[in-house]
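Okay, structure first, notes after.
The values are calculated or read from the model by the stated rules, or taken from the named source; none is laboratory data. Bear in mind the structure is a predicted one, so any value in this text is a computation, not a measurement. With ideal geometry, Cβ positions are generated from the backbone for all residues, glycine too; neighbour counts draw on all protein chains shown. We work out accessible area using only protein heavy atoms, side chains counted, and drop any ligands, DNA or RNA first. Shrake-Rupley method; radii C 1.70, N 1.55, O 1.52, S 1.80 Å.
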Amino acid sequence: MDEQQLIKSAIAGNEQAIVTLLERYEEGFYKIAFAYLKNEHDAVDAIQEMTYRCLKKIHTIKQPEYLYTWLIRILINICLDMKKKQARYDLKESIEIASEETHPLELAEVITELPMEQQELIYLRYFKDLKMKDIAQIQQVSEGTIKSRLHYTIRKLRGLLIERGER
């Protein structure tokens, strides 16, 4: 069976055809996921999630010639979502490590050295666990502005924590 027939069969619901296609593309999927996530375990997780989504939604494809492109787009979106979640956990982990190495009151003290706007940003994002869009609405600015302010604030907080550790 040629590839176009296989794709049409997969879209029609033939699970064996879907599995065959996914196996054909597996190496390319892995390379893409690993390039984004830099971790074998996370890359495999991303491919598994993409496979699940493919099985669930393959029937929605209208143009069979774009199946591979559709799968790649799903995989990239999953990788980007995983990276966002990882970045959020990295800051929480940095704060937890800092609080283990220093007294929790010392961490709070470092946060109070930040300007009030940055303190509010840390509080809303990491202690209240609000989403960027919710913080943007509260502060009446764009979500992109909140992201850049938060990025700057995190860098500044890390710098202050490192500075404290060297004293």
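General observations
- Heavy-atom accessible area for GLU143, with the other protein chains in place and a 1.4 Å probe, reaches approximately 80 Å².
- Cβ-Cβ FRET estimate between LYS84 and ILE162, R0 fixed at 25 Å, reported to 0.05: 0.55
- Apportionment of accessible area to carbon and sulfur, the chain, percent (1.4 Å): 52
- Gain on full stretching of the segment that runs from ALA108 to LYS8 - 0.36 nm per residue minus C-alpha separation: 30.1 nm
- Only the Cβ atoms of Lys and Arg (+1) and of Asp and Glu (-1) were treated as charged; on that basis the dipole of the range 1-62 about its Cα centre amounts to roughly 340 debye.
- Here the calculated FRET efficiency for LYS62 and GLU26, from their Cβ-Cβ distance with R0 = 35 Å, stands at 0.90, rounded to the nearest 0.05.
- The accessible-area ordering, largest first, of the residues GLU109, GLU27 stands as GLU27, GLU109, per a 1.4 angstrom probe.
- Across the range 23-31, coupling constants 3J(HN,Hα) worked out from phi with the 6.51/-1.76/1.60 Karplus curve, θ = phi - 60°, read 5, 4, 8, 3, 4, x, 4, 4, 4 Hz, and Gly and Pro carry x.
- Considering only VAL44, PRO115, TYR30, and ranking their Cα positions along the charge dipole of the chain that arises from unit charges at the beta-carbon of Lys, Arg, Asp and Glu, the one farthest toward the positive end is PRO115.
- Calculated from backbone phi, Karplus (6.51, -1.76, 1.60) coupling profile of the range 127-141 in Hz, x at Gly/Pro: 9, 8, 6, 7, 7, 4, 5, 5, 5, 4, 5, 4, 8, 6, 9
- Think of a 1.4 Å ball rolled over the protein heavy atoms: the chain then has 66 Å² of accessible area per residue.
- Potential lengthening between ARG149 and GLU40 on full extension [0.36 nm per residue; Cα-Cα distance subtracted]: 36.1 nm
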